[in-house]
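The values are calculated or read from the model by the stated rules, or taken from the named source; none is laboratory data. All figures in this text were calculated on a predicted structure; none of them were measured in a lab. Please note: Cβ atoms are built from the backbone with ideal geometry, for glycine as well, and neighbour counts cover all protein chains shown. With ligands, DNA and RNA removed, areas are computed over all heavy atoms of the protein, side chains included. Shrake-Rupley method; radii C 1.70, N 1.55, O 1.52, S 1.80 Å.
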Amino acid sequence: MPERTETESRKLLRRLRDTLAERGQGQERLDRITHLIADSIGTEVCSIYLFRDSETLELCATEGLKREVVHKTRMKLAGGLAGRVTRTA
């Protein structure tokens, strides 16, 4: 029987699962998740935006942007790539 190799996406999902299972505060987990994803896809920047309210996204974690802007940067769903992706699911 041929040996099965784990795909990169499965490796990432396993690492994300393990990160979510670890102890730690929510912000620590979000920071680790952005790092894992950026590392996995080879990008310098990876950000997580969460709904602040029904019209607004808030930057809640980032790898590659200034940490000072986390929880201070907000955008309307009508603006930017993140807003467009959110609107169109």
For this session: Work out the length of the dipole vector of the stretch 37-89 about its Cα centre, built from +1 on the beta-carbon of each Lys and Arg and -1 on the beta-carbon of each Asp and Glu, and round it to the nearest 20 debye.
Result: 240 debye
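For Arg23 and Thr88, FRET efficiency with R0 = 25 Å and r from the beta-carbon atoms, rounded to 0.05?
Working: r = 36 Å, r/R0 = 1.43.
Taking R0 as 25 Å, the efficiency between Thr88 and Arg23 is 0.10.
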For this session: With a 1.4 Å probe and every protein chain left in place, work out the accessible area per residue of the chain in Å², rounded to a whole number.
Result: 77 Å²
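I'd like the carbon and sulfur percentage of the solvent accessible area for the chain, probe radius 1.4 Å, heavy atoms only, ligands and nucleic acids excluded. List each step's numbers first, then the result.
Working: 3650 of 6840 Å².
Ligands and nucleic acids excluded, carbon and sulfur give 53 percent.
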Seminar exercise, completed: Length gained if Glu68 through Leu50 is fully extended, taking 0.36 nm per residue and subtracting the Cα-Cα distance, is 4.8 nm
Exercise. Hey, what's the Kirkwood Rh for the stretch 16-55 if you take every pair of different alpha carbons, in angstrom?
Worked result: 11.2 Å
